[in-house]
1. If I filter segment 71-87 for residues that are farther than 28 Å from Lys170 by Cβ, touching a strand residue (DSSP E or B) at 6+ places or on another chain (Cβ under 7 Å) and surrounded by fewer than 19 Cβ atoms within 10 Å (Cβ to Cβ), do I get at least one hit?
2. Inspect segment 202-225 for any residue being assigned to a helix (DSSP H, G or I), farther than 24 Å from Ala153 by Cα and away from the ligand (no atom under 11 Å from the Cβ) and give the result as yes or no.
3. From the list Lys273, Lys298, which one is away from the ligand (no atom under 13 Å from the Cβ) and in contact (Cβ under 8 Å) with a residue 24 or more places away in the chain?
4. State all residues of segment 251-284 that are of a type in the set (Val, Ile, Thr) and either surrounded by fewer than 24 Cβ atoms within 10 Å (Cβ to Cβ) or under 20 Å from Gln340 (Cβ atoms) (or both); if no residue qualifies, say none.
5. Going by the structure shown, is Lys273 farther than 15 Å from Val76 by Cα and at pLDDT 95 or above?
6. Mind telling me which of the residues Asp320, Asp354 ends up being modelled with pLDDT under 95 and open to solvent by 10 Å² or more (accessible area, probe 1.4 Å)?
7. Determine whether Arg145 is in a helix (DSSP H, G or I) and open to solvent by 50 Å² or more (accessible area, probe 1.4 Å).
8. Counting just the residues of segment 155-181 that are within 12 Å of the ligand (Cβ to nearest atom) and not in a loop (DSSP other than H, G, I, E, B), which one comes out surrounded by the fewest Cβ atoms within 10 Å (Cβ to Cβ)?
Amino acid sequence: MNQIKKINIHDYSLSAKSILPKPLWDYIQGGASDEITIEMNTNDFKKIKVIPRRMIDIKNRNTTTSIFGQKIKFPVLIAPVGGQRQFHEDGVMGSTKAAETAGIINVVPTNSGYSLEEVAKNTTEKHWFQIYHYDKEVTKDLILRAENSGYSAICLTVDGVRTDRRERDKRNNLKLEDSKWGANLINYPGLIQNISLKGQDSMDTITYDTITWIRELTNLPLIIKGIISPDDAKNLEEIGVNGIVVSNHGGRVTDSMQSSISALPKIKNVVNKEFELYLDSGIRRGIDVIKAISLGAKAVLIGRPMLWGLATNGQRGVEDILKIIHEEIDLAMAGCGKTQISQINSTMVEYNFD
Ligand SMILES: Cc1cc2nc3c(=O)[nH]c(=O)nc-3n(C[C@H](O)[C@H](O)[C@H](O)COP(=O)(O)O)c2cc1C
């Protein structure tokens, strides 16, 4: 650990940068091509202004919410992040345990240094499992394994098929160690080799037929991650998925994509009230969480902030990050005159993303 005083999430990014070898730091921070979307993701949160209410008794506040019937202490999930074990030996095991300490859940990724069974065996809560659709056989196998291990939902990521180049990684000749991300795919050595060589290009194309096929495979809630278009959102709702994550993958897939937060209100407008919307890409503060909820998100996911904590101090570092964001959410609610998450809505914000 280093000597950087860490009182907010940004401090943890400085800390992670000082600890990690440059290629790994660049892998976390970097994104597609010119990284325009990465910049928009955080900038667009600044375009939302909150309008607090006063003369409200804010002594007793409660940040709890529930997602598909599962209670979480505050409306944040850890985003699925592949290869966490590269940044600290605790890897996804550490981030999942940290989520439990904080009273929230982890979206455990397919690409992981610990298998989904190992994670389930060593933790107590029900977490979500994230899937990349490499091919039908693997998808079927992963879903069955996730069901048998007690995961509470399947999160299918659809925005990873064919991505722009991540130029930082190309310059650094980045080579990730297979053992740090391939534990769930050990029965498919050919696939590991293929992903290693070709990255995301090794995935099958995902169409609405694929989603319908996956919908029929499982009774678990199915959440589709990587949606920015209102038309896609509406179609997915019609197919019968249970929710979506409005996400541009933290700016890592296609550059110049719209920021997630500016896409959210348009999506909220076209789906039914009950359809669950989640959001990630750019959340760095508790007030960002409040802003996302006010525009229609049920909860948000955090990717890089979790990794900054993990790189700094493994499981403990992730616990610190989650504690900070929870405290900030509580403070932001108090400041806005809200005592329950359910009171947060679009009447408390003004925004102009143009
Ligand atoms: C290093 C890294 C690896 C990632 N791996 C995955 C992955 O395996 N599956 C996935 O669905 N998303 C992956 N993501 C995207 C995150 O789930 C999430 O969408 C993104 O990080 C959110 O943006 P934020 O980093 O600004 O919070 C990854 C992100 C990073 C930074």
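The values are calculated or read from the model by the stated rules, or taken from the named source; none is laboratory data. This is a predicted model, so every value here is computed, not measured. Cβ placement follows ideal geometry from the backbone for every residue including glycine, while neighbour counts extend to all protein chains displayed. These area figures cover heavy atoms from the full protein model, side chains too; ligands, DNA and RNA do not enter into them. Shrake-Rupley method; radii C 1.70, N 1.55, O 1.52, S 1.80 Å.
1. No - not one qualifying residue is present in segment 71-87.
2. Among the residues of segment 202-225, at least one is assigned to a helix (DSSP H, G or I), farther than 24 Å from Ala153 by Cα and away from the ligand (no atom under 11 Å from the Cβ), which makes the answer yes.
3. Lys298
4. If the condition is that a residue be of a type in the set (Val, Ile, Thr) and either surrounded by fewer than 24 Cβ atoms within 10 Å (Cβ to Cβ) or under 20 Å from Gln340 (Cβ atoms) (or both), then Val253, Thr254, Val270, Val271 are the ones that fit.
5. yes
6. None of the others qualify; the one that does is Asp354.
7. no
8. The extreme case among them is Asp169.
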